[in-house]
Amino acid sequence: MRLSKFGNRLFARGAVGIVLCLATAAGFAGQESLKEAYFYRKLEESEVQCLMCPQKCLIVEGARGVCRNRENRGGTLYALTYGRPCTLSVEPIEKAPFFHFVPGHKRLCVATVGCNLRCKYCQNWHISQKRVEEVNHYDLSAEEIVKIAKKEGVESICFTFSEPTAFYEYMYDIAKLARENGLMTSIVSNGFINPEPLKQLIRVLDAVKIDLKGFSESFYEEVCFGRLEPVLNTLRILKEEGTWVEIVNLVVPPFNDDANEIKKMCEWIEKNLGDEVPLHFTRFFPRYKLTHLPATPVQPLEKAIEIAKEMGLKYVYIGNVSGHKYNFTYCPECGRCLMKRMNIFLLDNRVVDGRCKFCGEKIPGIWGKGPEKG
C-alpha cells in the first residue's frame, strides 16, 4: 500500500481519551517525541516500507502509514507516539475480557492513538482513528509508566483501547521493563501483525486477547479494511509459541452473524488452537459509522454459544450482557459453576491451583504469575 503525503495536520486539543486518566500522570503535554521505528526497510529516493503489519505501507517523504503513527522523515521511519499515551486507567482484567488470566486482578491500561484497521463499528474511534496532533496526551517514559503501575498497586500492564501494534516500540519497552519489575503484561489486539514483530513481542507478554472480527475475507475487507488470513496466522503462532490467548468475536448483525460462518470459525479454532481456548461472543452497540444499526439481540449470541459447544469448544462466553449465565465459567467435567461475574467484576472464584474445586478437573489458564519467557 502506497501512502502519499497527508493534507493539513490538525492540532485540536478538544478531543480526549475515552477512559479517565490517572491523576498520578505528569499532565497533558504537547512536545514531540520521536523514536526510529522498528521493522522497516529503506528504499530508493527516500521512500521506506513499513514491515510491522500486513498493510506493508510504502511511505514517501513526509507521509504516514495507515496507522497514522509512523512517518517518513528524510528516509527514516519514525514512531510518533513513543512516550505519548493518551489514555491511562486502572481496571479489572475481566474488562479486556480475560477470564482465564489471573482472574480478579487489576491492570493498568495504556494506549496511544492509532490503529492499522478501519473498523466501521469501532467503540474507541475517538483515539484509534485519530492522529497524535488531534488528541491530548501525556509525556511519559516507559520507566514512568512502570512507576505508575507500581504506585497504583496493579499486578499487570495491559496495552489496549486502540491498536497496540501501532505503538509497538513504546509497548515493547514498557512490557520488557514491567516484567523485569515483577509485573505481568498483556495485549488486546486485532492480531493484524507480521510474524517477526509478533514473535519478538510475545517474549515480553504473558497473555494475548485477539479480536477475531469475523470469518470471511469479504467482512474484513469491507468492514475493517484488513484481511482475515494474517489474523489466523497470528493465532497459529501464538499457539505454537505457547502464549496464553483468548478470542473475542463481536457479533454485528447482519455482517458476521451467519450461522454457517460462525460454525466454520469454531471448527477452525478447535482444529488449530484446541478445544480449551476461551471464546467470547460479545454484543455490539451502535458506534462510529454503524450508529444506524440496533444493538445485537441476545438470541444471536446464544445461538453462537450453541454452535461453539456443538463444535466441541469447552469455554464459551457471552459479553456485554450483564448477568447472563454465560458470563460465568463452568467446569466441563462436572458442570459446576467455577467463576461468577457481574459486569466486569469477579464475584466468586472456585478454581484452586488451576483445578475445579469440586472434581479436580484441570482448568486451562494462567492462575498466578508465570515464569519469564525471555
Under a 5 Å amide H to amide H cut-off, with H placed in plane at 1.01 Å, what residues pair with Thr87 once short-range neighbours are removed? Ala111
Gain in span if fully extended, Glu61 to Glu240, counting 0.36 nm per residue against the direct Cα distance: 60.6 nm
Cα centre as origin, Lys/Arg/Asp/Glu Cβ charges: region 181-289 dipole, Debye: 300 debye
Among Cys57, Cys359, Cys158, residue whose mean-square fluctuation peaks in a GNM of the chain (springs only between Cα atoms under 10 Å): Cys359
Tally Lys and Arg at +1 and Asp and Glu at -1 over the other residues with C-beta under 9 Å from the C-beta of Cys122: what net charge comes out? +4
If you take every DSSP beta bridge fully contained in the chain, what fraction is antiparallel? Give it as a percent rounded to 5. 50 percent
In order over region 231-241: 3J(HN,Hα) from phi, Karplus 6.51/-1.76/1.60, θ = phi - 60°, whole Hz, x for each Gly or Pro, gives 5, 4, 5, 4, 5, 4, 5, 4, 5, 4, 8
Using modelled amide H (1.01 Å from N, peptide plane; none on Pro or chain starts), what sits under 5 Å from the amide H of Phe284, excluding residues fewer than 5 places away? Val251, Thr296
Report ³J(HN,Hα) in whole Hz for each residue of region 352-359, in order, from the Karplus equation J = 6.51 cos²θ - 1.76 cosθ + 1.60 where θ = phi - 60°; Gly and Pro get x. 10, 6, x, 10, 4, 4, 8, 10
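Per the Kirkwood formula on distinct C-alpha pairs, the Rh of the chain is how many angstrom?
Value: 21.1 Å, from the Cα pair sum.
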With springs only between Cα atoms under 10 Å apart, run a GNM on the chain and tell me which of Glu45, Glu261, Glu36 wobbles the most. Glu45
Could you list which residues have their amide H under 5 Å from that of Arg355, counting only those 5 or more apart in sequence or on another chain, with H placed in the peptide plane? Ile363
Could you give each residue of region 269-281 its phi-based ³J(HN,Hα) in whole Hz, using Karplus coefficients 6.51, -1.76, 1.60 with θ = phi - 60°, and x for Gly or Pro? 4, 4, 6, 9, 10, x, 8, 9, 6, x, 10, 10, 9
Please compute the net charge surrounding Pro195, taking Lys and Arg as +1 and Asp and Glu as -1 over other residues with Cβ under 14 Å from its Cβ. +1
Between the alpha carbon centres of region 314-353 and region 139-174 the gap in Å comes to 28 Å
Only Lys, Arg (+1) and Asp, Glu (-1) charged, at Cβ; the chain dipole about Cα centre in debye: 520 debye
Per GNM of the chain with C-alpha springs under 10 angstrom, the most fluctuating residue out of Gly319, Gly114, Gly274 is Gly274
Among Ile202, Phe192, Val252 - extreme Cα towards positive end, dipole of region 172-285, charges at beta-carbon: Ile202
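Only the coordinates and a few stated rules stand behind these numbers; no lab work does. Not measured: the values here are computed from a predicted model. FYI the Cβ positions are ideal-geometry reconstructions off the backbone, even for glycines, and counts take in every protein chain you see.
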